[in-house]
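To start, the structure under review is shown below, and the notes come after it.
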Amino acid sequence: MRTWRARLAGAGFIVAVLVGGAQAAPGVSGAAGAGARVNFAPVPAWVDPQAVPLEAAVPEAGLSDGQHHLLADQQVRVVGAVQTEYRHNATRAVNPRGVEDIANVQLRFDPSYQTLTVHRIEVRRGGRVVSSAAPGSLKLLQREASLESLIFDGRLTAHVALKDVQVGDVVETVYSLQGSNPVFGAYRFGSFDFDWGVPVAYRHARLLWPEGRPLHWKLHNGAQAATVTRSGGELDHRWRLREVPARVVDDQSPGWYDPYTWAEWGEFADWAAVARWAMPLYRLPEGPLPGVDREVARIAGTTTDPEQRLLAALRFVQREVRYLGIEMGANSHAPHAPEVVLERRFGDCKDKTLLSLALLRGLGIPARPALVHTSLRQATQDRLPTPWAFNHVLVQADLGGRRVWLDPTRTPQAGQGVAQWVQSDYGRALLVSEDSRELVPMAGVQARTLKRELRTVLDASAGFDQPATLTVTTRAHGEAAEMLREALATQSRQDLQKQYLDFYAASYPGLAVAAPFTTRDDPDANVVELVEHYRMPTYWVRNDKRGRWTGELEVPDLIEWLRRPKGLNRSGPLGLRHPVDFTLVSEFHLPQEWHVKPDDVVVSGPVFTMRREEVWRDGRTLVLTDRYETHTDHVDAEAMTAYVAQLDKARAGINYSLYLDDGPQPKAAGAAAPLGPGADSPHWLPLLVGLAAIGGLAVLARRLYRWDPEPPAWAEGVPAESRVGGWLWLPLLGLAVSPLMVGKGLVEALPTLTVQQWSLITLPTTPGYHPLMAPLLLVECALNLALIAGALLLLVLAFKRRSSMPRVYVGWAMLAVAGALIDAAAAEIIPVVKAHWTAADAGNVLRICVASAIWIAYFLRSERVRRTFVGRLAQPPAGDAQSALAPPA
């Protein structure tokens, strides 16, 4: 069953042709011409011709392949059982590439039920027709568009190569298609697209429908309803859209995501009507089926267990009937008879499903077809009920009160029972049965979980300058096992070995194959195990300048799931593989003991959860157990920033390296901190900076305390305030809390300033290194000490109501703003900081800036502030100080 949507693509119009006929036409050449009806005739009288907007300006953005689409006119008329579709497309070439495309006109149609009538194909230059295609220039070609998918639909392509097409010319293609696929019986349905991946100057869509005949509509993504008029017993539905912009869809979008505006129309009232339409197509023939009956007898003779009979029947169809679709005419949706399929030993999803149903009927197992859409999944329920809502069919069987969903088109599946089989899940399905009313849920996402367990053993215990080995064991379960079996069956072992080697060699330079990989298949459990063997000349990297051996503990299989997606600025969701359950156990054997404190990591969010458990065995063996699980199949555009931050945080959390200086104590970097002697003591540089800052701040605080400026003047006749009151209590409360809050953050940052951690920060070979990280920490350490000292000084000045207090407060608030802005800038510049930066951090920066601006303005302009802080160093404030401090006349 073919995918039913067709759109304007970047290369031009990809026209959805749905109707056809038989019988040759004069002037039509080609190998297929003898069996196809192709006519040249004037435009039908019922058509309302639309003028091409030749004056339309070329848009500045959105053009593709040098073409500007001026007109996309589509008019459909239904009279009784006859459906006719008229199309008028006009495209201008804006550069030589555009000339190449528009000069080759191609019209696809199905000769088994379709008539193609060409009205005219013309080249316009400067507003006048300079050439047109004559009937004899049209050639018929048989081009199977889905040949690579082993599907033959028998459609033909009417092709003409236009002469003398130049840049700036407009090619107009006007034709009609008459007829409907007989498989749909009396039902008529279709759709209109209103935007594409390229801009269109004028879009005109029209449906003429018999008045009184039932018609159902579904408008998508804000599409406007048609303008409807009545004329001659028909309802005339129209859309006219001018200057339609290009709709850009991001790469890696989910299959179900469809942002285009479009409308569906049809005669099916509901999903039950679609099920009733499909029932005759899948009705099994009565009477004996010799080939089927023989196979039924063979299976029945091997087991009486219904579950094993079910699996044996499906395995037979999967194994013995190869996939090949002959989908010409009615067979686009109608399967071939089971005996025919069994004799030919090939068929598509419809054929293999009907053959499976015939076998299951003979074995006494209730089963029915299930129509699904492999890309739309859950979104299928948002479509108008029509056969075009589906592109695949499979088997739903009843087994002991359970519904099981099995796909006979899959490669032969393993599993002792249904519990080990990979059931099909495409979100929603329509069961083809009399009692079917709605789409029903399928097996559930757990059925398609991609579950893999990897165990890597890196043995570098021979010595720092000795060879090392790497052994990778992969255990694939369920669908992952089937994918691995498929790779082993379709690719040579040499090619696979090279792919695997290249993957790990990117993390371990000099890696080579020590022995060919081996496999072990447990079909009953549906588990495949693959073991790879590698060697490397040395694992450790020597830095003679620093006198250090370093070993990076790589986890490339996990990093693959944590890579940043391409194109972070998206307008739509990002599609993800889901569900994924991936476990990686990495075992590292070391040449001597490391004394490291284990440090587990958990990074969890709405998209995925990544957990790491670190275990040390006897100091010489490190085991890292990582588990990655997904929670959704997509990330919304507005959640991309948080998702990328979570990815960065996870990658930063699993970075791990071991190093050994030319001294007695080996060390670790990344997720662990060593316990060696002196490793937890402060590093001399931040300690020195901290002590220097404390000494400098002490001198500065003493000077500020002794600073004794004249109090500012205030209104004459108004006494000074004898105590603090009004809004002044709020900033003073903030000052009282500030030393505690800033001090808490400073204490939490102290582990970063140890010898171990400071070495990691300043070592360029360590993950997450940035040259600005160490200066940032030193500056922030000094700023935090200054904020604490400033807050304490301000509290003393406020208690004494000193005249210097307001001005010192303004400086202190500006310092707080500077610190917040430095944090924000660091989050943009330094990746490690950015990975841990959250919306709460950004909100805190904004809060500091806004609050500081408010209180700075208050201290500079408030009359209460002027009348409160009037005390001098040598003279405490008095209630009658106004007389002594009165402003000059």
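The values are calculated or read from the model by the stated rules, or taken from the named source; none is laboratory data. Everything numeric here is computed off the predicted structure, so don't read it as measured data. Glycine also receives a Cβ, built like all others from the backbone with ideal geometry; neighbour counts cover every protein chain displayed. The area values use the complete protein model at the heavy-atom level, side chains included, leaving out ligands, DNA and RNA. Shrake-Rupley method; radii C 1.70, N 1.55, O 1.52, S 1.80 Å.
Among the residues examined, Pro135 does not qualify as out of contact with any strand residue (DSSP E or B) (no Cβ under 7 Å at 6 or more places or on another chain) and not hydrophobic (A, V, I, L, M, F, W, C). Any residue at all in the range 300-318 that is at pLDDT below 95 and in a helix (DSSP H, G or I)? Taking every residue of the range 300-318 in turn, none turns out to be at pLDDT below 95 and in a helix (DSSP H, G or I). Just one of the listed residues (Gly551, Gly572) is part of a strand (DSSP E or B) and open to solvent by less than 20 Å² (accessible area, probe 1.4 Å), namely Gly551.
Here Asp680 does not fit the description of being of a type outside the set (Val, Ile, Thr) and modelled with pLDDT of 85 or more. What do you reckon, is Thr469 in contact (Cβ under 8 Å) with a residue 40 or more places away in the chain, touching a helix residue (DSSP H, G or I) at 6+ places or on another chain (Cβ under 9 Å) and open to solvent by 10 Å² or more (accessible area, probe 1.4 Å)? No.
Every residue, every condition in (1) more than 41 Å from the chain's Cα centre (by Cα); (2) closer than 30 Å to Gly232 by Cα, yes or no:
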residue	(1), (2)
His69	no, no
Arg77	no, yes
Arg92	no, no
Asn95	no, no
Val118	yes, yes
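Residues in the range 515-548 that are at pLDDT below 95, open to solvent by less than 50 Å² (accessible area, probe 1.4 Å) and among the hydrophobic types (A, V, I, L, M, F, W, C): Trp540 only. Any residue that is within 30 Å of Met640 (Cβ to Cβ) and in contact with a His (Cβ under 8 Å, 6 or more places away or on another chain) - is there at least one of those in the range 546-559? No, the range 546-559 contains no residue that is within 30 Å of Met640 (Cβ to Cβ) and in contact with a His (Cβ under 8 Å, 6 or more places away or on another chain). Test each condition in (1) in contact (Cβ under 8 Å) with a residue 24 or more places away in the chain; (2) open to solvent by 50 Å² or more (accessible area, probe 1.4 Å) for Phe799 and report the one that comes out false. For Phe799, the exception is condition (1). Given the structure, is Arg242 among the basic types (Lys, Arg) and either surrounded by 18 or more Cβ atoms within 10 Å (Cβ to Cβ) or under 27 Å from Lys218 (Cβ atoms) (or both)? Criteria met by Arg242.
Open to solvent by 10 Å² or more (accessible area, probe 1.4 Å), more than 25 Å from Ala330 (Cβ to Cβ) and modelled with pLDDT of 95 or more: is that true of Asp193 in this structure? When the stated conditions are applied, Asp193 passes them. Cβ-Cβ contacts under 9 Å between residues 6 or more apart (or on different chains), taken from a first residue in the range 702-714 that is closer than 18 Å to Arg864 by Cβ to a second residue that is open to solvent by 60 Å² or more (accessible area, probe 1.4 Å), are listed as Pro711/Arg866; Pro712/Arg866; Ala713/Arg866; Ala713/Pro888; Trp714/Glu863; Trp714/Arg866.
Scanning the range 438-460 for residues that are in a loop (DSSP other than H, G, I, E, B) and open to solvent by less than 10 Å² (accessible area, probe 1.4 Å) yields a count of 1.
Consider Trp256 carefully, then state whether it is out of contact with any Pro (no Cβ under 8 Å at 6 or more places or on another chain), within 27 Å of Ala90 (Cβ to Cβ) and in contact (Cβ under 8 Å) with a residue 24 or more places away in the chain. For Trp256, the condition - out of contact with any Pro (no Cβ under 8 Å at 6 or more places or on another chain), within 27 Å of Ala90 (Cβ to Cβ) and in contact (Cβ under 8 Å) with a residue 24 or more places away in the chain - is not met. Per this entry, Gly266 is not counted among residues that are free of Cβ contacts under 8 Å to residues at least 24 places away in the same chain, open to solvent by less than 70 Å² (accessible area, probe 1.4 Å) and under 30 Å from Gln50 (Cβ atoms).
Identify all residues within the range 804-845 that are under 29 Å from Leu704 (Cα atoms) and of a type in the set (D, E, K, R); write none if there are none. Scanning the range 804-845 gives Arg807, Asp823. With respect to being within 15 Å of Glu320 (Cα to Cα) and either surrounded by 19 or more Cβ atoms within 10 Å (Cβ to Cβ) or modelled with pLDDT under 95 (or both), Thr380 falls outside the description. The residue that is farthest from Gly653 (Cα to Cα), among those in the range 584-611 that are assigned to a strand (DSSP E or B) and open to solvent by 30 Å² or more (accessible area, probe 1.4 Å), is His589. Apart from one condition, Gly266 fits all of (1) touching a His at 6+ places or on another chain (Cβ under 7 Å); (2) farther than 22 Å from Asn391 by Cβ; the exception is (2). Is there any pair linking a residue in the range 811-824 that is more than 17 Å from Ala840 (Cβ to Cβ) and open to solvent by less than 50 Å² (accessible area, probe 1.4 Å) to one that is of a type in the set (Ser, Thr, Tyr) and part of a helix (DSSP H, G or I), with Cβ under 6 Å and at least six apart or on different chains, and which? Listed by first residue and then by second, the contacts come to Ala813/Ser852; Ala816/Ser852; Val817/Ser852.
Can you work out which of the residues in the range 91-135 that are in contact with a helix residue (DSSP H, G or I) (Cβ under 9 Å, 6 or more places away or on another chain) and hydroxyl-bearing (Ser, Thr, Tyr) is modelled with the highest pLDDT? Of everything passing the filter in the range 91-135, Thr91 is modelled with the highest pLDDT. For the range 152-183, a tally of residues being open to solvent by 20 Å² or more (accessible area, probe 1.4 Å) and either over 30 Å from Gly98 (Cβ atoms) or in contact with a His (Cβ under 6 Å, 6 or more places away or on another chain) (or both) returns 4.
Restricting attention to the range 799-830, report how many residues are in a helix (DSSP H, G or I), of a type in the set (A, V, I, L, M, F, W, C) and more than 19 Å from Leu697 (Cα to Cα). Count: 9. Here the condition is being at pLDDT 95 or above and not small (Gly, Ala, Ser); of Val38, Val52, it holds for Val52 alone.
Listed by position, the strands (runs of 3 or more DSSP E) contained in the range 386-437 that have at least 2 residues being within 15 Å of Ala312 (Cα to Cα) and over 30 Å from the mean Cα position of the chain (by Cα) are 392-399. Among the numbered conditions (1) without any contact (Cβ under 8 Å) to a residue 60 or more places away in the chain; (2) within 19 Å of Leu753 (Cβ to Cβ); (3) not β-branched (Val, Ile, Thr), the only one that Cys781 does not meet is (1).
The sole residue among Leu511, Leu576, Leu530, Leu568 that is under 28 Å from the mean Cα position of the chain (by Cα) and under 26 Å from Arg485 (Cα atoms) is Leu576. The lone criterion from (1) farther than 28 Å from Ala827 by Cα; (2) open to solvent by 50 Å² or more (accessible area, probe 1.4 Å); (3) within 23 Å of the chain's Cα centre (by Cα) left unmet by Ala642 is number (1).
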